[in-house]
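The values are calculated or read from the model by the stated rules, or taken from the named source; none is laboratory data. For clarity, every value in this text was computed on a predicted model and none was experimentally measured. When we count neighbours, we look across all protein chains shown, and the Cβ atoms used for this are built from the backbone with ideal geometry, even at glycine. Side chains are part of the model used for accessible areas, which takes the heavy atoms of the whole protein and leaves out ligands, DNA and RNA. Shrake-Rupley method; radii C 1.70, N 1.55, O 1.52, S 1.80 Å.
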Amino acid sequence: YTYPLAGVERDNLWDAAAMQLMLSLLLIAIAVNVAVLVYARTAMRQSEIAVRTALGASRRRIITQLFIEALVLSSVGAALGMTLAHTALEQFRALMAARGESAFWVDYGLQPRSVLFAAALAVLSACIVGVVPALKATGRRVQSDLRGLGGATVRLGRGWTALIVVQVGVAVTVLPLALSQGYRDIREADVRPTFAAHEFLTADLAVATPLHPGMDGAAHRRAAAARLAVRLSDLERRLEAEPAVAGVTFEGHAVPDGARVELENVSGDAASATHDAQLTGVAPDYFEVLDVPLMAGRGLTTVDAGADAGTIAGGTARAPGGGVLVNEAFVRQLLSGGNALGRRLRFVPRPESGAWSDEHAAAEAGPWHEVVGVVPDLHASAFDGTSAEPAVYYAVTPELQTATLLVRVRGDDVDAFAPRLRELASALDPDLRIDRVANLARLPNARFLAMASALLQLIFGIVILLSAAGVHALMSVTVTQRRREVGVRAALGAQPHRLLMNVFSRAGAQLAFGALVGSALAAALLQSSGLGLIRNAVFVGVVVGVMVLAGLIAATGPALRGLRIHPMEALRED
């Protein structure tokens with residue numbers, strides 16, 4: 001037989017699109033920042049290029065030197081990037097191997113074509129960064145550049161102002177969205193169990209079932225589910241007879257992946273919207289084995305597990321039709337803290353098109369289930385200890401395609417019972433597949449979360465520093481262009497504080513306009529992505545503050561240097 005070594009789940013296209021958008025925006029921000037820095041660097045070297053040309057340096061020699069300089073920088077960057085990528089892949093490989101999820105055919109190392117692509121990209125970047133600006137710089141008239149040796153050599157006027165506005169606007173638009181998305185992902189992933197998870201050994205169970213001639217897919221799935229029900233019940237009895245085992249239970253899924261919850265209004269009508277919630281099928285004794293007390297109502301029973309409400313897609317397990325339990329987060333977030341007992345809900349499968357609608361909910365929703373009890377949150381965020389995802393628990397029988405076994409082990413060394421679990425399963429039925437045996441407290445893996453958090457922080461830090469450097473470079477060149485103007489006005493009797501106010505008011509207006517445009521775009525993106533502007537306003541404020549501060553600091557140096565120019569020197573330069 002051929003069986004998958006890892007579960008294949010249907011990806012959420014909207015989440016994938018949001019992640020792709022965030023990465024694309026970060027790449028755009030990085031590209032804009034690098035382009036701005038190169039542009040400013042070329043502008044500041046116009047005088048140097050003019051002097052070298054006047055002293056006899058050929059255009060080819062100057063272009064070659066600038067290309068080599070850019071190639072060295074891009075090569076160092078490519079090498080550093082490849083080193084970081086190799087380190088990250090090695091860490092990920094070790095993590096996947098430790099969790100037992102690494103397939104033997106998957107190679108996590110850097111491929112030769114990836115290295116060649118990075119090298120080609122470094123050469124292309126050197127051509128763009130070094131050759132293109134060099135062609136433009138060496139094509140200028142030498143006399144005009146020599147006359148500008150005393151001050152700024154590039155006068156772009158409104159074009160330079162537009163660059164400042166665009167640079168600040170892109171940074172303020174992109175960075176808050178990326179920061180908010182990354183923070184939300186880490187916050188949702190970094191959850192910790194609120195019960196004694198370290199006492200449990202968990203394993204995934206399935207039964208290899210032959211496909212006989214004439215048997216269709218639905219019949220094969222029914223046969224596999226019936227066979228697993230027998231084997232799971234037998235395995236539970238054998239485990240309960242072990243002296244080291246304090247309890248055994250299981251969980252599984254009889255509701256299609258991606259389904260949502262629709263609540264019934266108090267009046268008895270269906271609600272107009274569906275809600276995201278974690279839907280988990282559990283054995284009736286699930287919370288007793290976990291030693292999690294009910295907060296209200298009653299627990300699940302075998303009657304709830306055997307309620308006949310039709311079959312789900314594929315016909316392999318009966319969808320629940322009895323009572324269900326909800327957690328505290330469900331009550332807080334979806335019921336606004338109201339009474340949950342007696343409320344009814346139903347499960348709505350995800351539409352094939354991915355677009356949710358009231359018509360789809362009315363046509364495809366399952367039967368109504370009554371909320372009979374409330375349980376505590378089994379997992380809470382490590383950030384505040386209370387944030388959790390809304391969850392609904394429905395009772396299921398062992399007649400499932402796959403099940404997750406939870407074994408409560410006495411003693412401190414829970415992992416030591418793993419070989420005995422595998423031995424019992426193998427002795428019961430060689431076709432009983434048991435995968436991913438692990439201590440429940442290590443799922444999800446804290447090491448993976450720490451690595452992901454560190455990587456996100458590194459990326460965001462680099463982008464923020466690049467954005468601040470780009471704004472600093474642009475503003476520095478802009479104010480440097482006015483150095484002689486400041487000196488001439490000082491020679492004509494203008495007060496220093498008035499000159500500084502003039503410089504900073506113009507710089508502040510440019511920065512403020514860019515920040516305003518970027519904030520408006522960031523607010524629109526945050527709202528459309530569902531992240532929300534109000535709860536992420538701090539990210540917008542931090543990015544705006546960093547960009548404005550970098551611009552004002554950049555304006556301070558050239559402005560003060562302009563005030564120190566001797567009046568006669570400023571008049572001679574002008």
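Peptides 245-255, 393-403, 79-89, ordered by how many other C-beta atoms sit within 10 Å of their residues on average, highest first, read 393-403, 245-255, 79-89.
Ordering Ala79, Thr53, Leu89 by Cα displacement along the dipole of region 43-94 toward the positive end leaves Thr53 in first place; charges were set at the Cβ atoms of Lys, Arg (+1) and Asp, Glu (-1).
The figure for Thr194 is an accessible area of roughly 80 square angstrom, using a 1.4 Å probe on the protein chains alone. Protection proxy ranking, highest mean first, for peptides 416-429, 111-124: 416-429, 111-124, where packing is the per-residue count of other beta-carbon atoms within 10 Å, averaged. The 1.4 Å probe gives accessible areas that order His220, His369, His472, largest first, as His472, His220, His369.
Name the shape class, rounded, prolate or oblate, that the alpha-carbon gyration tensor gives for region 201-286, where a ≥ b ≥ c are the square roots of its eigenvalues, rounded holds for a/c under 1.5, and otherwise prolate holds if a/b is larger than b/c and oblate otherwise. Oblate shape, in that a/c is at least 1.5 and b/c is the bigger or equal ratio. Rolling a 1.4 Å probe across the protein heavy atoms gives region 392-445 an accessible surface of 46 Å² per residue.
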